[in-house]
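Working notes, structure below.
The values are calculated or read from the model by the stated rules, or taken from the named source; none is laboratory data. Because the structure is a prediction, the values reported are computed rather than measured. Note that each Cβ is placed from the backbone with ideal geometry, even for glycine, and that neighbours are counted across all protein chains shown. Accessible surface is based on the protein model in full, side chains and every heavy atom, while ligands, DNA and RNA are left aside. Shrake-Rupley method; radii C 1.70, N 1.55, O 1.52, S 1.80 Å.
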Amino acid sequence: MAIKQPQFEEIVELLSKAAPILDSEGLDGSVKDTEKLINRIKGMGSITPSHKNGLYSVLRMMLESNTYYDSKAGEHLDQAFVLIKEALEINRYDH
């Protein structure tokens with residue numbers, strides 16, 4: 001059973017802040033994927049590599065569509081990605 005990492009709540013909070021910003025910017029695909037990711041994270045109760053991959057996909061999609069640099073949500077998504085990487089590193093060394 002996975003243990004909830006210290007970054008868990010902050011990651012969920014950052015992603016939750018990003019979703020309405022993405023929505024206001026008309027980035028529907030990114031909003032849906034971010035909301036799905038939030039629900040998957042909350043459902044599992046801890047951070048897994050699939051969550052990192054999911055957020056990476058959102059960021060990549062934004063970069064490929066040239067919306068990343070204009071989006072105000074980018075900072076929240078970036079911070080969440082860094083925290084997810086940290087959480088996974090902690091898990092790796094706790095076993």
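Things to note:
- Complete set of residues in segment 38-54 that are in a helix (DSSP H, G or I), of a type in the set (Gly, Ala, Ser) and surrounded by fewer than 14 Cβ atoms within 10 Å (Cβ to Cβ): Gly43, Ser50
- Condition broken by Gln7, with the remaining ones in (1) touching a residue at least 60 places away in the same chain (Cβ under 8 Å); (2) under 19 Å from Tyr68 (Cα atoms) satisfied: (2)
- The residue pairs whose first member lies in segment 55-81 and is closer than 9 Å to Ser30 by Cβ and open to solvent by less than 50 Å² (accessible area, probe 1.4 Å), whose second member is outside any helix (DSSP H, G or I) and of a type outside the set (Ser, Thr, Tyr), and whose beta carbons are closer than 8 Å, counting only pairs six or more residues apart or on different chains, are Met62/Leu27; Thr67/Glu25; Thr67/Leu27; Ser71/Glu25; Ser71/Leu27; Ala73/Glu25; Ala73/Leu27.
- Count of segment 1-22 residues which are open to solvent by 90 Å² or more (accessible area, probe 1.4 Å) and either of a type in the set (Phe, Trp, Tyr) or over 15 Å from Asp78 (Cβ atoms) (or both): 5
- Glu35 of a type in the set (Asp, Glu), assigned to a helix (DSSP H, G or I) and free of Cβ contacts under 8 Å to residues at least 12 places away in the same chain: no
- When the test is whether a residue is in contact (Cβ under 8 Å) with a residue 40 or more places away in the chain and buried (at least 21 other Cβ atoms within 10 Å of the Cβ), Leu88 does not pass it.
- Some residue of segment 17-31 being of a type in the set (S, T, N, Q), more than 13 Å from the chain's Cα centre (by Cα) and in a helix (DSSP H, G or I): yes
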